[in-house]
1. Scan the chain and hand back the longest stretch that contains none of the chymotrypsin sites (Phe, Trp or Tyr not before Pro) lying in DSSP loops with at most 16 other Cβ atoms within 10 Å.
2. In whole angstrom, and with the biggest value first, how far do the Cα coordinates of segment 1-62 range along each principal axis?
3. Using a simple charge model, +1 on the beta-carbon of Lys and Arg, -1 on the beta-carbon of Asp and Glu, nothing else, what dipole does the chain show about its Cα centre, in debye to the nearest 20?
4. Across bins of 5 angstrom width beginning at 0, how are the C-alpha pair distances of the chain distributed, in whole percent?
5. Give the lysines whose C-alpha is closer than 20 Å to that of K97, dropping any in the same chain fewer than 8 places away, or say none.
6. Taking R0 as 30 Å, what FRET efficiency do you get between Y120 and K30 from their Cβ-Cβ distance, rounded to the nearest 0.05?
7. Between N82 and R18, how high is the FRET efficiency from 1/(1 + (r/R0)^6) when r is the Cβ-Cβ distance and R₀ = 25 Å? Nearest 0.05.
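FYI, it's all coordinate maths here, none of it is from the lab. Fair warning: this is a prediction, and the values are worked out from it, not measured in the lab. Using ideal geometry, Cβ is built from the backbone for each residue, glycine included, and neighbour counts are taken over all protein chains shown.
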Amino acid sequence: MMTKNKYVVPIPMEMLQRIDRSSSPAHIGKLRNAVDFVTPIGTPVLAAAEGIVTQINDDFYVGGPDASYWFFTNFITIRHSNGEFSRYDHLDYQSSKVKLNQKVLAGDEISKVGMTGYTYIPHLHFQVYVYTGYNIWTDFETIEIKDFKNIL
Ligand SMILES: [Zn+2]
């Protein structure tokens with residue numbers, strides 16, 4: 001069995017307006033355990049735990065409240081030592097602060113919040129997941145994160 005990882009809130013606490021797990025119409029099925037951090041555009045996005053950057057998309061610049069924007073989300077993924085991955089979505093255009101295969105520590109700034117992809121209001125979409133295959137859009141299961149290390 002995997003050891004359980006502990007994650008910190010992936011934005012600065014003073015920027016956090018609210019945590020929203022269920023308002024998004026996208027948080028169903030495989031995404032049921034995703035967490036939205038409501039915060040203004042430009043808020044720094046922080047690594048939620050130590051790991052290695054495995055994917056970076058930051059070339060998109062469109063988004064809005066329409067599912068047709070689904071694949072236009074800028075995102076970063078990080079692999080953690082227990083086999084879990086974390087994913088950060090709706091990042092701002094070309095705001096990545098990290099490179100592929102870079103090691104990051106919990107709290108390191110990796111990007112900025114934007115409005116790319118399918119999104120109604122400025123927020124960071126965050127999910128912890130494991131792969132069940134090779135396709136990042138279909139072959140995964142999210143893991144429920146009940147509490148964050150810095151919110152007890
Ligand atoms: Zn979300």
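1. Maximal segment without exposed cleavage sites: 1-60.
2. So the extents along the principal axes, rounded to whole Å, are 38, 28, 26.
3. Rounded to the nearest 20 debye, it is 340 debye.
4. Going out from 0 Å in 5 Å bins, the chain shows 2, 10, 20, 26, 24, 14, 4, 1, 0 percent.
5. K112
6. 0.90
7. That gives a FRET efficiency of 0.30.
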